[in-house]
Amino acid sequence: MRNDDQPSAISHPDLPGAEDARRFGRMVRARRKAQGLRQEDVASATGVGRRYIVDMENGKPTLRIGPALMIARFLGIVPMVEHASNTPQDSDPPDMIPEDLPDDLPPLED
């Protein structure tokens, strides 16, 4: 049962990534419909529950990313990673490691 005094994650506009989740959900729904597929068809083909697809298409920002990427891939949507405006776009991850690390760090183990 849902408490009507608390906004759901789907309708809460202040959650980080909420607008991106809504845009992504609209894109997935449009692509699915353009291909003539029902939510049940996508669920069956990807092994993801229909409830997850409903939530994703409605823009729920707290969903796990793995199933969302699998659904996107199935529908032919290629996700892109955008860099934040305050992050250098041409930096490789190793360049982001601070140079002033202590010398007594333990060795990494696989």
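A short reminder: the numbers here are calculations on the coordinates, not readings from a lab. Quick caveat, the model's predicted, so the values are computed rather than measured.
Take every Cα-Cα pair in the stretch 18-75 and report what % of them are more than 13 Å apart.
Details: 868 of 1653 pairs.
Here the long-distance tail beyond 13 Å is 53 percent of all Cα pairs in the stretch 18-75.
Convert each backbone phi in the stretch 63-79 into a coupling constant with the Karplus relation 6.51 cos²θ - 1.76 cosθ + 1.60 (shift: θ = phi - 60°), then list the ³J(HN,Hα) values in order as whole Hz, x for Gly and Pro.
Once θ is set to phi - 60°, the couplings for the stretch 63-79 become 6, 5, 7, x, x, 5, 5, 5, 5, 4, 4, 4, 8, x, 8, 9, x Hz.
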